[in-house]
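Here's the structure, in structure tokens; my notes come after.
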Amino acid sequence: MLIVQKYGGTSVGDVSRIKNVARRVVKKHQEGHQMVVVVSAMGDTTDDLIKLAREISDNPSPREMDMLLSTGEQVSVALLSMAIKSLGVEAVSLTGPQAGIKTDEVYSKARIKFIDCSRLRAELGAGKIVVVAGFQGLNDNNDITTLGRGGSDTTAVALAAALQADLCEIYTDVDGVFTTDPRVVPTARKLEAITYDEMLELAHLGAAVLHPRAVECAKIYGIPLHVRSSFNNNPGTIVKEETDMEKNMVITGITFNKNVAKLGIFGVPDQPGIAYMVFKMLAERNINVDMIVQSSVRNGVNDISFTVAQDDLRKSLETIEEIIKVVGATGYTHDAHVAMVSVVGAGMTSNPGVAAMMFGALADENINIEMISTSDIKISCIVKNHEAEKAVRALHKKFELEEMGQCHCCAS
Ligand code: ADP
Ligand code: ASP
Ligand code: MG
């Protein structure tokens, strides 16, 4: 079999953990499998590199940021490859560009366009374990790009698709995908299986355990993912097209996302084409807008509120200054201290009352809801940032998702 495995930052967080990963990979190789191993930067390396850049500049060049952040993964591939070789097995470390990963131009959230697998195939053909740096690629200018925080998952799935791998395993620091973040709710329950669509919602809405684009790619290419722990051999969670394991569940999971900022534009003229102008200008600057709420018209004007990732707040505020002039709005406001909490479940389409239950649980905790958005399989609310965890705990309880008396956190 050709197996693609991905190990996250905690799983390669120090020398003994890198040696642990090397032993696991070598064992599989010795069973006769071809192995491609994608790794993240060690521990908090990426955060530390971002802090370092901020000490130099408030607004560092996106190209240089990607150049900087890609180094974290280079350290771990080199060390893992050395660890494998010291166990007597041939290995080679490759950066994203060396592995043939080509992306679009968008620094810090580049998308993989295609993978030239020739080098990978040659190294595998020579019997080596191939260790690939996650989260990076090369754009058409031959510059290094990164795929967005958590993007090593996407590297792994894209490689599995390109190489038509038989198995794609995502090794992390928890036992699988849980009903919510097990670090916030220790009684969260591990899901044996989850559909791509539900996992995609959970990932988009803040469940860090999988990068949303990894799930998107897995769904497009029909690659089942096995999300599991690198610290034990417990079966994890299978992400796939259909599941009947959780069919009777109305709600599959609860998420929260603190990387959210709320913006509002006041006194926007109520005319055709104005909303188009506002969101076109944001899109042109690669700012993803999430929730959008437009107030009812008063005296020919309305207010438009929306949310963006906190990382994009600075760019959004600069854009709003321009938008106001272009559309003739009267002013704007912003709040960086908000979070989004969401309930997700395919079962909610056929079960009325989920929204009422959610709002009731938040009201019982005296948590104010600032914005609401819904889709077929999720309901999201914007709340104050410091109330996010309290909201998640209340919702997890209200929807009876917990497993009594067990804690699944297993990072150490
Ligand atoms: P890695 O470095 O292995 O990629 P991440 O930190 O990116 O690990 O993702 C794993 C973390 O995701 C877990 O430690 C957990 O705190 C968090 N998490 C959030 N939501 C969930 C969830 N629903 N199920 C499992 N883990 C979750
Ligand atoms: N090292 C990158 C990050 O911390 C990518 C990853 O871990 O997937 O976001
Ligand atoms: Mg991750």
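Some notes on this structure:
- The residue pairs whose first member lies in region 269-288 and is in contact (Cβ under 8 Å) with a residue 24 or more places away in the chain, whose second member is of a type in the set (D, E, K, R), and whose beta carbons are closer than 6 Å, counting only pairs six or more residues apart or on different chains, are Arg285/Lys315; Ile287/Asp312; Ile287/Lys315.
- At least 2 residues being crowded, with 24+ Cβ neighbours inside 10 Å is the threshold, and among the strands (runs of 3 or more DSSP E) wholly inside region 110-218 those reaching it are 129-133, 136-138, 144-146, 167-172.
- For region 85-102, the criterion of a residue being among the polar types (S, T, N, Q), free of Cβ contacts under 8 Å to residues at least 60 places away in the same chain, surrounded by fewer than 23 Cβ atoms within 10 Å (Cβ to Cβ) and closer than 15 Å to Leu159 by Cβ is satisfied by at least one position.
- For region 374-412, residues that are of a type in the set (Asp, Glu), at pLDDT below 95 and farther than 12 Å from Val343 by Cα total 3.
- On inspection, Arg213 passes the criterion of being under 13 Å from the mean Cα position of the chain (by Cα) and basic (Lys, Arg).
- In the set Asn302, Asn288, Asn259, only one residue is touching a Lys or Arg at 6+ places or on another chain (Cβ under 9 Å), surrounded by 14 or more Cβ atoms within 10 Å (Cβ to Cβ) and within 24 Å of Cys381 (Cβ to Cβ); that residue is Asn259.
- Taking the criterion of being buried (at least 18 other Cβ atoms within 10 Å of the Cβ) and more than 16 Å from ligand 3 (Cβ to nearest atom), the residues of region 34-56 that qualify are Gln34, Met35, Val36.
- Remark: pairs (first residue in region 221-235, more than 10 Å from Cys168 (Cβ to Cβ) and at pLDDT 95 or above; second residue surrounded by 14 or more Cβ atoms within 10 Å (Cβ to Cβ) and among the aromatic types (Phe, Trp, Tyr); Cβ separation under 8 Å; 6+ apart in sequence or on different chains) = Arg228/Tyr171; Ser229/Tyr171; Ser230/Tyr7; Ser230/Tyr171.
- All positions within region 266-304 that are in a helix (DSSP H, G or I) and among the hydroxyl-bearing types (Ser, Thr, Tyr): Tyr276
One line per residue, one yes/no per condition, for (1) closer than 16 Å to Lys85 by Cβ; (2) within 16 Å of ligand 1 (Cβ to nearest atom); (3) touching a residue at least 60 places away in the same chain (Cβ under 8 Å); (4) part of a helix (DSSP H, G or I):
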| residue | (1), (2), (3), (4) |
| --- | --- |
| Ser16 | no, no, no, yes |
| Val21 | yes, yes, yes, yes |
| Val25 | yes, yes, yes, yes |
| Val36 | no, no, yes, no |
| Thr46 | no, yes, yes, yes |
| Lys51 | no, no, no, yes |
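- Boolean, Asp270 is at negative phi, modelled with pLDDT under 95 and out of contact with any Gly (no Cβ under 6 Å at 6 or more places or on another chain): no
The values are calculated or read from the model by the stated rules, or taken from the named source; none is laboratory data. For clarity, every value in this text was computed on a predicted model and none was experimentally measured. A quick note on method: Cβ atoms are made from the backbone with ideal geometry, for glycine too, and the neighbour counts reach across all protein chains shown.
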